[in-house]
Amino acid sequence: MIEHRDDPKVRRLFELAFGKRPAEELYDLRKDPAQLDNVAEKAEYAGTKKKLAAALVAELKATKDPRVLGKGDMFDQYPYYGGGRPDKPPAQATR
């Protein structure tokens, strides 16, 4: 997939697999069980998105999640265990 990422037949799947994710994602599983069509920005789903966002915030508050308590930056303080330096991307593999 990586070798053919610029091929028009592969590009969309490459972006779905490796591209930057949008801030919000919402999928209509009845119409799109493979979850390929993000409907978060479609007007007809605004009510559902609002309802789900409110439920999420309520759950985060109920569980005292640091992100809704203004302490979300604490997640940036945890040690990095991903190998290599966290400020440098891993080297590209060579063949």
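What are the residues in segment 1-24 that are in a helix (DSSP H, G or I) and either surrounded by 10 or more Cβ atoms within 10 Å (Cβ to Cβ) or within 16 Å of the chain's Cα centre (by Cα) (or both), if any? Correct list: V10, R11, R12, L13, F14, E15, L16, A17, F18. Summed over segment 51-95, the residues that are modelled with pLDDT under 90, of a type outside the set (K, R) and assigned to a loop (DSSP other than H, G, I, E, B) give a count of 15. Reported count of residues in segment 25-43, each being at pLDDT below 95, surrounded by 12 or more Cβ atoms within 10 Å (Cβ to Cβ) and of a type in the set (G, A, S), is 0.
The values are calculated or read from the model by the stated rules, or taken from the named source; none is laboratory data. On a predicted model such as this, the values are computed, not experimentally measured, just so you know. Using ideal geometry, Cβ is built from the backbone for each residue, glycine included, and neighbour counts are taken over all protein chains shown.
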